[in-house]
Amino acid sequence: MIERKPLVINYRPGQGYWVLAILLSIFVSTLLAGKLWGGKTYNREMAEKMQLEVKAADLEIGLSDAKLQLSRIKLSAEVDAIGLENARLEMIGLQRQIYQRDEELKLYQELLQDNDQPNGLSSGDLKLVSMEDGRVRYRWVARQKSAKMKVLSVYSDLWVLGTRDGQAEILALNTLDDQINTLPVKLEFKYFSINQGILELPAGFEPEQIRITLKYSWMDTVQSDRKFDWKLEE
């Protein structure tokens, strides 16, 4: 059996103070080290915070500039869109004017070249075009030929002749075209007048002919009375 010897520690009066001093030194060193490390960490975090604040301010300024630029772009786009729409409408108007001028030039040429055209008033060039909604676009020309051409007032009447339920029926223009309020329609022209509009036929009505009459405003008798077959153009 192994004999254990007692451990004897000799006590010295100043030894406790040394131990206390060492412990205090360790505590103070730890405290200073922690404070130093905490100070460095705090300074680093504050520096990062300031950098983040600067970046945030820069981003906010950049975002404000981007919003301002975007609003300017939107405004410019709206102005451009309005300009394009105005240009488109103006182009359509010019195209219509060109078409109108071409039609008038054609009529002038026909008027000069057609020696067989009767003197006085006459109607012609009737065109009927079907629309997608079932209505019919119409166009016809009133002409005047006389030795002394001058602007005169002319009254015109237009009727659509057809049948409904097997019975003959005559419908006046003002009941078919909502732009015409009353008949006769007063026209004023020197050589010719291009007249056009949209017809909306009632359900069940089968059109067959169109009748157009013309007379001078100071005369009671009709000067021109003509019927045209109902022929639609697609």
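Rule-based calculations on the coordinates, nothing more; no lab input. Since the structure is predicted, the reported quantities are computational estimates derived from the model, not experimental observations. Heads up, the Cβs are rebuilt from the backbone with ideal geometry, glycines too, and the neighbour counts pull from every protein chain shown.
Fewest-first ordering of Ile73, Ile210 by other beta carbons within 10 Å of each residue's beta carbon gives Ile73, Ile210. Taking 0.36 nm per residue of separation and subtracting the current Cα-Cα distance, fully stretching the chain between Tyr191 and Asn174 would add 3.6 nm. Residues Leu187, Leu232, Leu176, arranged from fewest to most other Cβ atoms within 10 angstrom of their Cβ, appear as Leu232, Leu187, Leu176. On full extension, the segment bounded by Trp37 and Lys127 gains 22.6 nm, given 0.36 nm per residue less the C-alpha separation. Each of Arg135 and Lys55 was given a label point 7 Å from its Cα along the Cα-to-Cβ line. The distance between the two points is 6.5 nm. The distance between label points at Leu89 and Lys150 comes to 4.1 nm (points 7 Å beyond Cα on the Cα→Cβ vector).
Cβ crowding within 10 Å ranks Trp218, Trp37, Trp159 as Trp218, Trp37, Trp159, fewest other Cβ atoms first. Label sites at Leu68 and Asp80, each approximated as a point 7 angstrom past Cα along Cα to Cβ, lie 2.2 nm apart.
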